[in-house]
1. Please report the spacing between the Cα centers of the stretch 5-75 and the stretch 220-242 in Å, no decimals.
2. Let me know the volume per residue of the alpha-carbon convex hull for the stretch 335-382, in Å³.
3. For every helix of n ≥ 4 consecutive DSSP H residues, a contribution of -39,500 (n - 2.57) applies; sum these over the chain, divide by its total residues, and give [θ] at 222 nm rounded to the nearest 500 deg cm²/dmol.
4. Residue farthest toward the positive end of the dipole of the chain, with Cβ of Lys/Arg at +1 and Asp/Glu at -1: which of ILE359, PRO99, SER259?
5. Leaving ligands and nucleic acids out of the surface, order GLU198, GLU289 by accessible area at 1.4 Å, largest first.
6. Can you check what the net charge comes to around ASP207, using other residues whose Cβ is under 13 Å from the Cβ of ASP207 (Lys, Arg +1; Asp, Glu -1)?
7. Once both axes come from the Cα atoms, what is the angle between helix 157-166 and the longest principal axis of the chain, in degrees from 0 to 90, rounded to 10?
8. What FRET efficiency would be calculated for the residue pair PHE322, LYS162, taking the C-beta separation as r and a Förster radius of 25 Å, to the nearest 0.05?
Amino acid sequence: MEHTYEFLSADNIPAYLASRKETASVIDPTSIVEMKEVGDGNLNIVFIVKDSKGQGIVLKQALPYVRLVGPSWPMSPDRARIEYETTVIHSEAAEHLVPKIYFYDTDRYIIAMEDLSDHKVWRTALNAGEKNFGSAESVGEYIARATFATSIFGAGAEKHKKDIARAINPEICLITEDLVFTEPYFPGDRNSYLSDNEPDAQAIIDDEQMVLEIGELKFKFMTAAEALIHGDLHTGSVMVKSKEDGTEISTRAFDSEFSFYGPIAFDIGAVLANFYIAMARSIALGRTEHVEFIQTLPTALWNSFEIHFRKLWPTRIDKRVFSDQLLEVLLEVWKEDAFGFAAAKMVRRIVGLAKTTDIETLDPNIRVGAARGVLRSAQLLIRERHKHSSIDEVTTKVREIMDEVRTGDGR
Ligand code: SR1
Ligand code: MG
């Protein structure tokens, strides 16, 4: 299907905003002083627009193709509707943890949302060696609130079923099925890595247990419609605002265009993966104090998720059969699966298309060891996940592996 609509540009934004009454009190379209294109993601155009009083707004527009690759990879811009609807639904459950939405333009696939430029993208902050206390807890709370509310437990059976149909997102899910769950193990031309990491990438392909478990996790990703998940919850999808001493002021999860009804553990695993990738960077750079901080994040995330989900559990709509014992079973399964999904997400960021700046901006002589540490840790997670180990124990082992291979010659 061909999509023809006008793309946002500095030339047409003032007139566009003047035509949108919904944002009249947010920004003055007659006194625009700044329009900055900040789309550092892989898919869309994103502008931060400011007026002369310093008030701002974000305009995000979905292109009819994947920006990272260009028009040769067409992609339905309907993903913008998904992101808009998910952000609104998640805000009903966790208003303080997502950006405010002003409007959605169905003709031009534009979402107008809160300007969070007083926040930082969490990946950027972590890359710079910053410590943001409390943000992992907030992301855990966001996952718990958003997924409980949209699960059978929070929404009830009928609503849950109807909402699954509305949120179906097949084209975008296929990206994850291919890039995260398939191509690292059955390589095509989209994979790439440093030649010194070739044996590490091959070790993943030769790891029969890993390939089997990735298959199980892919099946779960494709079939377990547990809740309306974010779908791409890496540290680049989280904005943080902290005081100078690192204390949290605000944390927001954004960019939920990969959202669909999927496994709750997928979101938890995505965040864990990115903590471990951030850890590999800090180990490569020898930032010991920062590594100590990152080491606390996985447990903080999980504990907060668990605490908030437990708090919501007594409010579940149907208590028959969905007993308190069931919650214990679910939490254990989600923890195991979160490790598995984390492993899948770590491998894809090293081997497959769309990498992370945490690793890519490292000098190649230390990047080799960092990439190796991420891949070996992913293999460890696949083995550890069935052992009922605590998140802390597993994270300590991840750090040991990363420390061991950090110089690039620890094979
Ligand atoms: C082609 S899109 C590549 C990646 O960008 C997004 O952030 C998702 O992680 C996706 O896999
Ligand atoms: Mg994104």
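The values are calculated or read from the model by the stated rules, or taken from the named source; none is laboratory data. Predicted model, so just to flag it, every value in this text is computed and none were measured. So basically every Cβ, Gly included, is an ideal-geometry build from the backbone, and we count neighbours across all protein chains shown. Side chains are part of the model used for accessible areas, which takes the heavy atoms of the whole protein and leaves out ligands, DNA and RNA. Shrake-Rupley method; radii C 1.70, N 1.55, O 1.52, S 1.80 Å.
1. Here the answer is 24 Å between Cα centres.
2. On the way: hull volume 3.1 nm³, N = 48.
So the per-residue hull volume is 65 Å³.
3. -16000 deg cm²/dmol
4. About the Cα centre, the residue reaching furthest to the positive side is PRO99.
5. Numbers: GLU198 85, GLU289 130 Å².
The ordering from most to least exposed comes out as GLU289, GLU198.
6. Numbers: positive: ARG376, ARG383; negative: ASP200, ASP206, GLU208, GLU213.
So the surrounding residues net to -2.
7. Rounded to the nearest ten degrees, it is 70.
8. Details: r = 20 Å, r/R0 = 0.78.
With R0 = 25 Å, the Cβ-Cβ based efficiency is 0.80.
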